[in-house]
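Asker: Handing you this structure, nothing more for now.
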Amino acid sequence: MILCPSCGTENADGMRFCVKCGGTIADSSPTPGSWQEPSGNLYDTPSGGASGGFGQQPGTYAPPPVSYGGGYGGGAAMASTGIGGLPYAEWIDRVLAALIDGGIAAGVMIVLYIIFGTIGVGLSALGSGANSDAAGALGSLSCCFGFLLAGLSVFVVGIYNKVFLVSKRGYSIGQGVMKLKVVDAMGNIPQMGTLVIRLLAQVAMGFIPIIGFFLGIANALWPLWDEKKQTLHDKAAGTFVLKTG
């Protein structure tokens, strides 16, 4: 096996480019018979190198330098590698994806508020004389129905965007824009039931009395310190979010 000098990924012998990062892999295969060549004084200082290094005769096998993750300043990339070799999604990417998804739901809600609010105001303005009370009641009913329908639409948009679309392709609209993908522990697209649990866990935190607000904040910030960059609703459903591009 050949280790990529850029990312440390193992590649099959003879590979010229890394299968993970695409970096060039120097041909590190030893020259046939080079092991029989004398290596000289092992304590010689190589030409142009620092003192105290081991000598290296021309033509002898010299494996490329390997950088091992896990130490200070070098372990972040290794720790962030997720399922299938893809990195876990960064917190800012998840936030931007959530803002896009939330903006879509809010946009639908605002449009419905405007439509039904306009209808209600129009009906109230048209009421006059004996039927003014009926027209006013109808206008108020229209506004209330608009509020109810707008709230329902947000739920329907959430189900379609965060459950149906994700179950079919692995990402919501916002996640698609940010090149993210939701997977299970096996690296597959989660089943629809798992995604329903994931969505309900996220929504339910906001309805818990007193501590719901703080749970929502903790849920949103959890990927900042979690090793696998999961939110609390990811942990509840056993899902992970990866960066695909």
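The numbers here are math on the coordinates, done by the rules we state, and not lab data. As the structure is a prediction and not an experimental result, all values here were calculated from the model. For neighbour counting, all protein chains shown are included, and Cβ atoms are generated from backbone atoms with ideal geometry for every residue, glycine included.
Asker: When the chain is fully extended, how far beyond the present Cα-Cα distance does S153 get from M1, taking 0.36 nm per residue of separation?
Answerer: Taking 0.36 nm per residue and subtracting the Cα distance, the gain is 49.2 nm.
Asker: Hey, another quick one. Report the label-to-label distance for F164 and L200 in nanometres (one decimal), using points 7 Å from each Cα along the Cα→Cβ vector.
Answerer: My value for the distance between the label points is 1.9 nm.
Asker: Can you list the residues, at least 5 places off or on another chain, whose amide H is less than 5 Å from the amide H of L3, using H built in the peptide plane?
Answerer: Long-range HN contacts for L3: N11.
Asker: Subtracting the Cα-Cα distance from 0.36 nm times the residue separation, let me have the gained length for E227 to A106 in nm, one decimal. Please list the in-between numbers first.
Answerer: Working: separation 121, 0.36 × 121 = 43.56 nm, distance 3.18 nm.
Separation in residues times 0.36 nm, less the Cα-Cα distance, equals 40.4 nm.
Asker: Given labels modelled 7 Å from the Cα in the Cβ direction, how far is it in nm from I114 to T81?
Answerer: Rounded to a tenth, the inter-label distance reads 5.0 nm.
Asker: List every residue whose amide H lies under 5 Å from the amide H of L180, counting only residues 5 or more places away in sequence or on a different chain, with H placed 1.01 Å from N in the peptide plane.
Answerer: Hits under the 5 Å cutoff: T244.
Asker: Residues of segment 156-184 with the amide nitrogen closer than 18 Å to a label point 7 Å from the Cα of L96, along Cα-to-Cβ, please.
Answerer: Residues 171-182 fall inside that zone.
Asker: Apply the Karplus curve 6.51 cos²θ - 1.76 cosθ + 1.60, θ = phi - 60°, to the phi angles in segment 211-227 and return the couplings in whole Hz, x for Gly and Pro.
Answerer: 8, x, 4, 6, 5, x, 5, 4, 4, 5, 8, 4, x, 5, 10, 7, 4
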